[in-house]
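Working notes, beginning with the structure itself.
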Amino acid sequence: MQNKKILFMTQAALIAAIYVVLTMMVAQVNLASGAIQFRISEALCVLPFFTPAAVPGVIIGCFLSNILIGSALPDIVFGTLATAIGAYFSYKLRNNRFLVTLPPVISNMIIIPFVLTYAYKIPGGIPFQMLTVGAGEVIACVILGSILITALIPVRKAIFGSGDEVGCREVGKTV
């Protein structure tokens, strides 16, 4: 029982750290926030396919990233909330390797345009920002996330443990 908790906390911490590092990298080229954003770290939102520890991992990673890149308070709160919703519903859809990629796209596409409009006063309107944020999320979560899932499937037990220990799903049960 204690080993399961340690494994869970270790996985969550590592996922959070990787999320922060990836976000800080894209922040260097001004793609971590704004009307046009491409956080490659959002690809990690598909990791609930392998482990429930990914849910708090990406939430903490997003929260810390938003603070470290100097986001406005509404972005720290609602940006983290968007990632939390996406990660939670990805976990709920973990039996389907395609559907697991969609909740982060949808939650960010709905929530972040309001943050951009009201917290940062970025012009363009909500529908335009839904399109731009949605496009960045599709690239990060659906395309890169699917590549990440495919790359991790052969080594999933070595990285995430057995399915009984951390909730990893068997590949044969996925679409």
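Quick check: is even one residue across region 106-114 of a type in the set (Gly, Ala, Ser) and part of a helix (DSSP H, G or I)?
Within region 106-114, one or more residues are of a type in the set (Gly, Ala, Ser) and part of a helix (DSSP H, G or I).
Could you please give the count of residues in region 77-95 that are within 21 Å of VAL21 (Cα to Cα) and out of contact with any Phe, Trp or Tyr (no Cβ under 7 Å at 6 or more places or on another chain)?
9
Of the residues that sit in region 89-103 and are in contact (Cβ under 8 Å) with a residue 40 or more places away in the chain and open to solvent by 70 Å² or more (accessible area, probe 1.4 Å), which one is farthest from ALA135 (Cα to Cα)?
The extreme case among them is ASN95.
Filter region 50-83 for residues that are buried (at least 20 other Cβ atoms within 10 Å of the Cβ) and aliphatic (A, V, I, L, M) and give the result.
Those that are buried (at least 20 other Cβ atoms within 10 Å of the Cβ) and aliphatic (A, V, I, L, M): ALA53, ALA54, VAL55, VAL58, ILE59, ILE60, ILE76, ALA82.
So, in region 123-147, how many residues would count as being open to solvent by 40 Å² or more (accessible area, probe 1.4 Å) and out of contact with any Phe, Trp or Tyr (no Cβ under 9 Å at 6 or more places or on another chain)?
10
Somewhere in region 85-94, is a residue at pLDDT 95 or above, part of a helix (DSSP H, G or I) and closer than 17 Å to SER33 by Cβ?
Scanning region 85-94, I find at least one residue that is at pLDDT 95 or above, part of a helix (DSSP H, G or I) and closer than 17 Å to SER33 by Cβ, so the answer is yes.
Here are ILE143, ILE106: which of them is over 16 Å from ILE85 (Cα atoms), at pLDDT 95 or above and in contact with a helix residue (DSSP H, G or I) (Cβ under 9 Å, 6 or more places away or on another chain)?
Going through ILE143, ILE106 in turn, the sole match is ILE143.
If I go through region 6-51 residue by residue, how many of them are charged (D, E, K, R), modelled with pLDDT of 90 or more and outside any helix (DSSP H, G or I)?
Adding up the residues that qualify gives 0.
Only one residue in ILE106, ILE110 is over 14 Å from the mean Cα position of the chain (by Cα), open to solvent by 10 Å² or more (accessible area, probe 1.4 Å) and not acidic (Asp, Glu). Which one?
ILE110
The values are calculated or read from the model by the stated rules, or taken from the named source; none is laboratory data. Please read these numbers as outputs of a predicted model, since none were measured by experiment. Reconstructed Cβ throughout: ideal geometry from the backbone, glycine too, with neighbour counts over all protein chains shown. Ligands, DNA and RNA are excluded from the accessible area calculation, which covers all protein heavy atoms including side chains. Shrake-Rupley method; radii C 1.70, N 1.55, O 1.52, S 1.80 Å.
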